[in-house]
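Participant: Mind having a look at this structure? Questions to follow.
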Amino acid sequence: MNRSRSLWITLLLVWSLLPMIWQLITSFTSSDALVSTGIPFEHRWTLAHYRDLLSGDPPFWRYLLNSTVVGGLTTVLTLLLAVPAAYGLARMSPTRRSTIRITVGAAALFPYVLLFLALLELAREFQLGNSLLAIALPYAGLALPLALLLLISAFEGLPNDLDDAARLEGLGLLDRLRLVLMPLITPAIASTGILIFLFAWNEYPIALTWLSRDDLLTLPVAMARIAGSSIYAVPYGAYAAATVLGSLPLLALVLLCQRQIVAGLTNGAVKG
Amino acid sequence: MLKLSALGKRFGTRWILRDLNLEVQTGECVALLGPSGCGKSTALRLIAGLEQPDEGNIELEGRPLLGIPAERRRIGMVFQSYALFPHLSVRDNLDLGLRIRGMAPADRRERIDAVLNTIQLVNEADRRPQQLSGGQRQRVALGRALLRNPSVYLLDEPMSNLDAQLRDELRPELRRLILQGPQPVLYVTHDQQEAMALANRIAVLRNGRIEQIGTPQELYFKPETEFVAGFVGRPQINWLNQTRDTRVGIRPEHLHPDDNGCRCRVIGREWLGASQLLLLESNAGQLQMLCSADYQPTEHLGVSWSPEDEHHFDPISGQRLNPS
């Protein structure tokens, strides 16, 4: 029983991690070795792909920084809007709440690619192009419905008595959110934040159309440029190295917040 | 003094609470007694400011309360679920309200230590609520209400989540901590025994309206309506089915064996310790009789009662018919 379970877990891990390991190996393999099997094992390895990326113009870490700024800004902006809104919605009457939930759900399911032309027009009209701060606006708008849905459920899970008791202790709305309610739904806020950050990190069509200056590109756009930089060859090595570098911050973020989520779950026991 | 006049609350078109008139004097404890869904908890939430009434007025110490937000009403409320903040230690639970009111740290510490002493949880100060027993949690909730130094206490079924033994232990605590203070206390419960034991006066609620307000003795000896007669007093009152134009009730403790009385057959026997409850079948219907523990009933026996112990009610309106 136990042995077969660990076997299954191993298989599952290999299944899901293999593409990434492949990518990692590729990123350290010299371009020649990638297309030829005749090169001896000890001569296949190189750091050239990383060196090229980091010494490019602009250097690759610039894109990482751009994406981090956009992702962080989007996450903060979305949570600032979504947390109070979700609290308000969660305390509405059940009939109103379900109507709003369906509307928000529909918005969350809407294929946002259909919006990018209209958004481009807006960017031109209000001169929001080529600004990392401005691009967080459409991102926050697009991430808001999902964040709302997740956070409404989280607030609904808290007993109303807690909010009422805090009111009678003399806590105003902001104090209640800050000192009582938000600490109790930290796990939900953390996981929602990760999802928002991921969305901003991965977003392509809007970033492609809103940002054109070389030093302002976000990761997905920059990586697409690497992949399409030559019509005669596919730069597998450089592309793999870019993927690895682009995943590292996310990996760190998830590991960091995972601890918080687990801690939040174990002392969660919301019922007093 | 807390004064409710013509207080009413509805959800949609349905009135949860209507025409509630009640005065709770300084130092007095009034119990709101009724079955679940009778509107008693809604009344408390209106007074606390957690919900707004659709009609009527609330006055505390002569000043109207309506319009003042719940945060500023100075009300000590204890919830059935305790509503302790699960992420804070006992000390921080007690501290939160004081901190918000901007009290100096040294004063806060002093007052919290005093209250921890009163509720006898000095050693548990650094524990989280989920590490405490039900009785301890309830004491923290009481302590939090005490620290608020309120003008009125509202207790919403404070003991219904506790088992019978803990309830017996907590009752004197409640009396010592809260009921003996000068503040008016409104105590919501569905347990008539608890209401009788703790309250100076009891208001019986049914379907959002007051059936009767009176001392425990008045409710027991002179119930104004059939509902009150049935709700107050355990074991429950017997209803005789001998007459059609009045509903006659007689309490089990007012029946006594009498060879010349109404003929009955014993169909059940319940042992209560110091007394016993006999379940009887007679022409007047099923009767319960409370009698002393050493009484040995034969299968058939006679039962009688004195007419002044009978309670008469109008079968349609449910109002009391006895001359008072």
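Participant: Please give, to one decimal in nm, the separation of the simple spin-label points placed at A:Ser6 and B:Asn241, each 7 Å out from Cα toward the Cβ.
Facilitator: According to this spin-label approximation, the distance is 7.3 nm.
Participant: Set the Förster distance to 35 Å, then compute FRET efficiency between A:Leu80 and B:Ser160 from the Cβ-Cβ distance, nearest 0.05. Don't jump to the answer; show the numbers that get you there.
Facilitator: Values: r = 40 Å, r/R0 = 1.15.
So, using R0 = 35 Å, E works out to roughly 0.30.
Participant: Take the Cα radius of gyration of segment B:13-160 and divide it by 2.2 N^0.38 Å, with N its residue count; two decimals is plenty.
Facilitator: 1.13
Participant: Give the dimensionless ratio obtained when the Cα radius of gyration of segment A:45-265 is divided by 2.2 N^0.38 Å.
Facilitator: So segment A:45-265 has a normalised radius of gyration of 1.20.
Participant: Kindly list the residues of segment B:217-239 that lie in the label zone of B:Glu310, defined by a backbone N under 13 Å from the point 7 Å along the Cα-to-C-beta vector.
Facilitator: B:239
Participant: What list of ³J(HN,Hα) values in whole Hz, one per residue of segment A:32-42 in order, does the Karplus curve 6.51 cos²θ - 1.76 cosθ + 1.60 (θ = phi - 60°) give from phi, with Gly and Pro shown as x?
Facilitator: In residue order, the calculated couplings are 4, 5, 5, 10, 9, 9, x, 8, x, 3, 6 Hz.
Participant: When the Cα atoms of segment A:1-115 are enclosed in a convex hull and the volume is divided per residue, what value in Å³ results?
Facilitator: Hull volume over Cα atoms, normalised by residue count, gives 250 Å³.
Participant: What does the convex hull of the Cα atoms come to per residue for chain B, in Å³?
Facilitator: Once divided by residue count, the hull of chain B is 160 Å³.
Participant: Dimensions of the protein assembly as shown along principal axes (Cα, Å, largest first)?
Facilitator: 119, 63, 51
Participant: Moving on. Quick check on the exposure proxy: order B:His311, B:His256, A:His49, B:His190 from fewest to most C-beta atoms within 10 angstrom.
Facilitator: Listing B:His311, B:His256, A:His49, B:His190 from fewest to most nearby Cβ atoms yields B:His256, B:His190, B:His311, A:His49.
Participant: Further, regarding this structure: Wrap a convex hull around the Cα atoms of segment B:210-250, take a quarter of its surface area, and give that in square nanometres. Intermediate values should be presented prior to the final figure.
Facilitator: On the way: hull surface 12.2 nm².
Mean orientational projected area (segment B:210-250, Cα hull): 3.1 nm².
Participant: Another question, then. Sort B:Asp259, B:Asp168 by Cβ crowding within 10 Å, fewest neighbours at the top. Intermediate results must be reported in sequence, preceding the final value.
Facilitator: Working: B:Asp259 9, B:Asp168 12.
Ordered from fewest to most neighbouring Cβ atoms within 10 Å, B:Asp259, B:Asp168 come out as B:Asp259, B:Asp168.
Participant: With viscosity set to 1.306 mPa s at 10 °C, what whole-number translational diffusion coefficient in µm²/s follows for segment A:71-122 from Stokes-Einstein and a Kirkwood radius over Cα pairs? Don't skip to the end; give the middle numbers.
Facilitator: Values: Rh = 13.1 Å.
Estimated via Stokes-Einstein, D reaches 121 µm²/s.
Participant: Before anything else, pin down the relative contact order of segment A:45-265: Cα pairs under 8 Å, at least 6 apart, normalised by residue count, whole percent.
Facilitator: Reported as a whole number, the value is 33 percent.
Participant: According to a simple spin-label model (label point 7 Å from Cα along Cα-to-Cβ), what is the distance in nm between A:Leu256 and A:Val234?
Facilitator: 3.4
Participant: Can you give the relative contact order of segment B:121-235 as a percent, counting alpha carbon pairs under 8 Å and 6+ residues apart?
Facilitator: 17
Participant: Would you please give the FRET efficiency between B:Asn21 and B:Asp54, computed as 1/(1 + (r/R0)^6) with r the Cβ-Cβ distance and R0 = 22 Å, to the nearest 0.05? Walk me through the numbers on the way to the answer.
Facilitator: Working: r = 16 Å, r/R0 = 0.71.
About 0.90, to the nearest 0.05.
Participant: Please arrange A:Phe28, A:Phe126 by how many other C-beta atoms lie within 10 Å of their C-beta, fewest to most.
Facilitator: A:Phe126, A:Phe28
Participant: Counting other Cβ atoms within 10 Å, keep those with at most 16, restrict to DSSP loop, and tell me which GluC sites (Glu not before Pro) in segment B:265-324 are left.
Facilitator: Hits after loop and neighbour filter: B:Glu299, B:Glu310.
Participant: While we're looking at this one, here's another question. Please check which bits of segment B:19-38 a label hung off B:Met1 would reach, taking the label as a point 7 Å along Cα-to-C-beta and the cut-off as backbone N under 17 Å.
Facilitator: Zone members listed by number: B:21-30.
Coordinate-derived values only; no laboratory data. Just so it is clear, the model here is predicted, and its values are computed rather than measured. Note: ideal-geometry Cβ built from the backbone for every residue, glycine included; neighbour counts use all protein chains shown.
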